[in-house]
Amino acid sequence: MTRLLFPLLLVAAAISVEAAESKTDVAQAIQGTPEIDGKIDDAWKKAPAVHVNKPITDLLAIDPKEIATAAVQFMYDDEHLYALWIVKDSALSADSSDDWAQDSVELVLDKNHQGSTFYEDEDAQYRVNFEGKLSGQGAGYDAGDLKAATVKTDIGYIVEMAIRIDNTELKTGAKLGLELQVNDDHDSGSRDAIAKWHHTEDDSWEDTSNFGTLELK
């Protein structure tokens with residue numbers, strides 16, 4: 001996986017004026033097939049961005065102004081859902097032995113959009129840390145379905161993800177349940193903060209009932 005230092009201007013250009021924000025509970029994915037290399041294809045500039053910047057107050061061990069946050073964009077094709085994360089994180093760490101406590105991003109899918117209070121067979125949590133280490137959980141999680149590339153930047157890191165999904169679920173107009181999360185180890189060797197996109201409680205790893213929606217456009 002490529003790990004280079006990107007100039008700040010290049011990172012900022014990834015979220016252009018064309019990438020308008022979606023509603024706070026709805027994200028949109030446009031059709032396209034990016035190369036998973038941690039670089040920002042031109043096609044990403046047309047994908048609307050959502051922001052992962054709401055802290056879970058009960059788990060906040062640092063100043064809220066210092067938490068790691070992200071802007072995320074989505075594309076899809078017949079076989080994959082793609083996500084581009086541009087993460088702002090001032091101190092990167094993978095010191096914890098727990099994957100979820102390292103500086104990392106998480107994308108959680110409720111593929112049939114049922115919104116259950118438990119994980120059904122198709123529900124899955126996909127995690128990538130800033131060094132490109134992959135992990136996840138859930139009845140619908142298969143390590144072979146996740147591919148990612150990461151690149152360090154001067155403001156944090158980029159994660160580009162590809163998640164293989166049954167093509168019956170990747171149709172224009174389809175809606176999937178979605179939650180997004182940034183885990184932040186602020187140099188303590190443990191998780192100091194969590195930023196989320198939609199639901200600000202630490203329950204997305206087991207409960208999909210409070211997810212937002214991903215619309216395939």
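At-a-glance table
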item	result
Leading residue by the ranking (least open to solvent (accessible area, probe 1.4 Å)) among those in the range 195-213 that are within 23 Å of A94 (Cα to Cα) and in contact with a Phe, Trp or Tyr (Cβ under 9 Å, 6 or more places away or on another chain)	S204
Those residues of the range 99-131 which are among the hydrophobic types (A, V, I, L, M, F, W, C) and either part of a loop (DSSP other than H, G, I, E, B) or within 22 Å of A193 (Cβ to Cβ) (or both), in sequence order	W100, A101, V105, L107, V108, F118, V128, F130
Of all residues making up the range 41-63, the number that are assigned to a helix (DSSP H, G or I) and among the polar types (S, T, N, Q)	1
Output for the range 171-186, where each listed residue is free of Cβ contacts under 8 Å to residues at least 60 places away in the same chain and of a type in the set (K, R)	K171
Lone unmet requirement of (1) of a type in the set (V, I, T); (2) at pLDDT below 95; (3) not in a loop (DSSP other than H, G, I, E, B) for V72	(2)
Odd one out for I155, checked against (1) touching a helix residue (DSSP H, G or I) at 6+ places or on another chain (Cβ under 9 Å); (2) under 17 Å from D37 (Cβ atoms); (3) open to solvent by 30 Å² or more (accessible area, probe 1.4 Å); (4) touching a residue at least 60 places away in the same chain (Cβ under 8 Å)	(2)
Residue within the range 181-191 that is at pLDDT below 95, surrounded by 18 or more Cβ atoms within 10 Å (Cβ to Cβ) and on the phi < 0 side of the Ramachandran plot present	yes
P64 vs. criteria touching a helix residue (DSSP H, G or I) at 6+ places or on another chain (Cβ under 9 Å) and modelled with pLDDT under 95	yes
L216, sole failed condition from (1) modelled with pLDDT of 95 or more; (2) surrounded by 21 or more Cβ atoms within 10 Å (Cβ to Cβ)	(2)
Selection status of V108, surrounded by 19 or more Cβ atoms within 10 Å (Cβ to Cβ), closer than 24 Å to G32 by Cβ, in contact with a Leu (Cβ under 8 Å, 6 or more places away or on another chain) and touching a residue at least 60 places away in the same chain (Cβ under 8 Å)	yes
Cβ-Cβ under 8 Å pairs, at least 6 apart or on other chains, the range 200-212 side in contact (Cβ under 8 Å) with a residue 60 or more places away in the chain, far side outside any loop (DSSP other than H, G, I, E, B) and among the small types (G, A, S)	T208/G177; F211/G177; G212/A27; G212/G177
In the range 23-58, the residues that are open to solvent by 60 Å² or more (accessible area, probe 1.4 Å), in contact (Cβ under 8 Å) with a residue 12 or more places away in the chain and among the acidic types (D, E)	D25, D58
Members of the range 59-68 found to be surrounded by fewer than 21 Cβ atoms within 10 Å (Cβ to Cβ) and not basic (K, R), listed by number	L59, L60, A61, I62, D63, P64, E66
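The values are calculated or read from the model by the stated rules, or taken from the named source; none is laboratory data. These numbers come from a predicted model, not from an experiment. Because the Cβ atoms are built from the backbone with ideal geometry, glycine has one as well, and the counts that use them run over all protein chains shown. The area values use the complete protein model at the heavy-atom level, side chains included, leaving out ligands, DNA and RNA. Shrake-Rupley method; radii C 1.70, N 1.55, O 1.52, S 1.80 Å.
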